[in-house]
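Working notes, structure below.
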Amino acid sequence: MRKIFFAILFALLSNLSFSQSEQALIENCIQNYIEGTSYNKPDSISKAFYSDANLFLSHKEKPLWIVPSSEYITWFQKGKKGEFNGRIGRIISIEYFNDIAIAKAEILIPEKKQEFMDMFLLKKIEGEWKIISKSASSKTSNKSGKRILFIVSNAHYYGNSTISTGNSFAEIVNAYDTFINSGYTVDFMSPKGGAIPLAYINTSDSLQKQYLYNEDFMYAIKHTVSPKEIDYKNYKAVHYIGGGSAMYEVPENLEIQRISMQVYEDNNGIISSVCHGTAGIVNLKTKNGKFLVEGKKISGYPDSFENQDGEYFKFFPFLIQKTIEERGGGFKFSKRNESYVEQDGRVVTGQNFQSSNGVALKIIELIEKSN
């Protein structure tokens, strides 16, 4: 029986590893395309495409413009190799079955106010994933290429209990929608990467319902990136999402702390949080060794609002308000269920999910002023 158990376990782990590796291989293929077309690298584009692949594009003088990949690659021989040409690309989604896959990538050209959506059909040929066809369409867009990093948690439970928790869906979508409508791009990072638990989902709320059924958005939630995949230089701000999950795994993660402070100090960027997301900033330290919150006005979910007789509360690793005050910060809050935002320099914090939109707007204001 024990041998059977371990055999089943090994098979499951092997399948999981296979799935992860196939996903990564497909991502690498598309990244070759993105890197090649953004930095005038024909060799990278060639790696991405099957030699006989075709592109099916739009043309004002014909219903369908079919371009062989070999011809398409020559378009990027004109620019200086390795020099950024203004195209900003990112993978939106990937779906695969055995040796075939479909994928989507967003390509922005902010200077031209253009947004392209590329659709790929891929196949694994002789052990390598290749794009065998691509179609694309474009539209006028306000997307600037400026990026905000949302920090979320993988914790499904309150500490080592069996009490379920998650990341606040309301906080995610309220801030996300504000940034997206203002032309920003949002990426999601969690300590372990991958899917995260969600809490406080209200499908009667029209905005939450809109995003819950948005496949591209939910793909990003399912495929959050880990700290090792993040280049801090890409971000104007980090934003810590709340919910009970925020109390665990994120605050003590040294890599997340490093990325946040690099955005803040090296990029002259913004650190922000909402509700229990403020737990993520209590351990942040500046290069001179001082706590980030020292001498600053900070908001978040106050200790007095917690149900201190509740079972979940026994598993809290620390109290947000108490810890901030111990580290020299001034904790500020308002009445329950009211939006409340504090800004102190380049640190922007909110009390609750109702504050998410206000925090996002303040971040945008600061970024635009700095430009």
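The values are calculated or read from the model by the stated rules, or taken from the named source; none is laboratory data. Bear in mind that the values here come from a model prediction, so they are computed numbers and not experimental data. Every residue, glycine among them, receives a Cβ derived from its backbone with ideal geometry; neighbour counts consider all protein chains shown. In case anyone asks, the SASA skips ligands and DNA or RNA and just uses the protein heavy atoms, side chains included. Shrake-Rupley method; radii C 1.70, N 1.55, O 1.52, S 1.80 Å.
Annotations for the structure displayed:
- Test: residue in the stretch 238-260 that is within 15 Å of residue 173 (Cβ to Cβ), surrounded by 15 or more Cβ atoms within 10 Å (Cβ to Cβ) and more than 18 Å from the chain's Cα centre (by Cα): no
- Among the residues of the stretch 48-92, those that are of a type in the set (Phe, Trp, Tyr), within 14 Å of residue 38 (Cα to Cα) and either surrounded by 15 or more Cβ atoms within 10 Å (Cβ to Cβ) or over 29 Å from the mean Cα position of the chain (by Cα) (or both) comprise 72, 75, 76.
- Residues located in the stretch 332-355, provided they are outside any loop (DSSP other than H, G, I, E, B) and modelled with pLDDT under 95: none
- Matching residues, the stretch 239-250, being on the phi < 0 side of the Ramachandran plot and out of contact with any strand residue (DSSP E or B) (no Cβ under 9 Å at 6 or more places or on another chain): 247
- Residue match in the stretch 184-192 (condition: open to solvent by less than 30 Å² (accessible area, probe 1.4 Å), among the aliphatic types (A, V, I, L, M), within 22 Å of residue 275 (Cα to Cα) and without any contact (Cβ under 8 Å) to a residue 40 or more places away in the chain): yes
- The stretch 203-224, subset small (Gly, Ala, Ser) and surrounded by fewer than 16 Cβ atoms within 10 Å (Cβ to Cβ), residue nearest to residue 102 (Cα to Cα): 206
- Residue in the stretch 274-294 that is open to solvent by 40 Å² or more (accessible area, probe 1.4 Å), of a type in the set (Ser, Thr, Tyr) and under 20 Å from residue 247 (Cα atoms) present: no
- Residue, most open to solvent (accessible area, probe 1.4 Å), within the stretch 303-331, restricted to residues that are in contact with a Gly (Cβ under 9 Å, 6 or more places away or on another chain) and assigned to a loop (DSSP other than H, G, I, E, B): 317
- Scanning the stretch 104-115 for residues that are crowded, with 17+ Cβ neighbours inside 10 Å and either within 15 Å of residue 69 (Cβ to Cβ) or in contact with a Lys or Arg (Cβ under 9 Å, 6 or more places away or on another chain) (or both) gives 105, 106, 107, 108, 109, 110, 115.
- When restricted to residues that are in contact (Cβ under 8 Å) with a residue 60 or more places away in the chain and closer than 13 Å to residue 279 by Cα, the stretch 321-350 contains 2.
- Among the residues making up the stretch 130-164, those that are open to solvent by less than 20 Å² (accessible area, probe 1.4 Å) and either assigned to a loop (DSSP other than H, G, I, E, B) or more than 30 Å from residue 69 (Cβ to Cβ) (or both) are 141, 145, 148, 149, 150, 151, 152, 153, 154, 155, 161.
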